[in-house]
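Since the structure comes first, as structure tokens, the remarks are kept for the end.
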Amino acid sequence: MPKHKEPAPGWRDDISGFLGSLKAGARSKGTIATRRCQLTALSLALGGSPRDVEGDDLVDWFASHEWKPETRKGARNAVVGFYRWMKLTGRMDDDPSLELPGVKRPQAHPRPCPDVVILKALARATDGERIMLRLGAECGLRRFEIAKVSSRDVMRDLIGWSLVVVGKGDVQRLVPLEDDLAAEIMAYGGWVFPGRWGGHVEASYVGKHLSALLGAGWTAHSLRHRYATVTYEATHDLLLVSKLLGHASLETTQRYVAMPDDRLRAGMARVRLAS
């Protein structure tokens with residue numbers, strides 16, 4: 001395995017202290033690892049000590065990267081959180097991150113994978129790939145959530161079968177399962193997609209298989225958009241859809257739900273001028 005880079009010497013103790021505060025706040029291992037990588041990159045680029053950093057230094061560093069908006073937003077959150085902690089704990093009097101501009105994200109449009117595309121993919125998929133497709137399209141799971149599905153995650157409730165899903169930030173949710181899909185998952189007696197050297201496969205493995213099956217322009221994430229759109233169309237309950245997807249905010253969920261065609265057509269009929 002590649003060795004993780006260490007922060008610049010003058011930053012190590014402060015970064016370690018900040019990460020310790022995240023751990024004390026029960027932040028997930030994934031979040032802590034991401035913040036460590038982001039702050040390590042900053043420390044290696046700027047050198048010296050975090051106490052020597054000024055707002056202009058941070059602005060120049062961010063401006064030097066051609067990042068996608070989500071990547072830029074994540075890096076900004078790491079830097080802002082770090083310097084707020086530095087000031088709060090008395091390590092610094094000023095907060096240079098206050099000079100960082102907010103990150104403008106382009107308006108994302110839902111792109112649910114059409115059922116005709118999914119059905120064609122199902123027809124040529126292996127048994128394991130069919131489960132991947134169904135977990136994405138019928139359960140709305142992310143790639144990394146599909147990768148670690150196990151028979152141990154299936155449970156019976158008062159109505160039927162559900163899948164225990166541990167998503168981002170180690171937040172747990174329950175997703176309803178069709179009886180036949182629950183039976184298929186339980187039949188594996190462990191990981192549904194076991195890794196070559198133990199454990200389960202990586203998220204990239206799932207993504208690669210689904211993209212190949214669905215064809216150009218469609219990904220595992222488009223299956224999740226399909227799930228969100230169909231579930232909202234059936235329930236008209238955005239909060240419920242948000243909980244099923246494991247989202248922290250309704251704003252995120254709104255970017256997943258495409259307006260059902262029948263409602264669009266009804267709106268067009270109402271606004272049409274009589275001839």
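Since every read-out is calculated from the coordinates, none of them should be taken as a lab result. Values in this document were obtained by computation on a predicted structure and should not be read as measured data. Virtual Cβ from ideal backbone geometry, glycine too; neighbours counted across all protein chains shown.
Just need the relative contact order of the chain here, percent rounded to a whole number, with Cα pairs under 8 Å and 6+ apart. In percent, rounded to a whole number, it is 17.
Reducing region 169-224 and region 51-76 to their Cα centroids gives an inter-centroid distance of 34 Å. Listed by chain and number, the aspartates and glutamates whose C-alpha is less than 17 Å from the C-alpha of K120, apart from same-chain residues fewer than 8 away, are E129, E138.
Divide the volume of the convex hull around the Cα atoms of the chain by the residue count and you get 198 Å³ per residue.
Residues of region 35-63 with amide nitrogen under 16 Å from the 7 Å Cα-to-Cβ point of D93? From region 35-63, the list is 51-55.
Computed from the C-beta positions of S151 and S28, the FRET efficiency with R₀ = 35 Å rounds to 0.90. For region 1-139, the relative contact order comes to 21 percent (Cα pairs under 8 Å, sequence separation of at least 6). Summary of the geometry: region 14-46 and region 98-165, compared by the centres of their Cα atoms, lie 29 Å apart.
Pairwise Cα distances in region 21-83 exceed 17 Å in 40 percent of cases. With R₀ fixed at 51 Å, the C-beta to C-beta distance from L174 to W67 puts the FRET efficiency at about 0.90.
Listed cross-link partners K29/K148; K68/K168; K29/K168 are compared with a 18 Å cut-off, the Cα-Cα value being larger for K68/K168.
The slack between A183 and K208, meaning 0.36 nm per residue of separation minus the straight C-alpha distance, is 6.5 nm. Using a cutoff of 8 angstrom between alpha carbon atoms and counting only pairs six or more residues apart, the relative contact order for region 78-211 works out to 21 percent.
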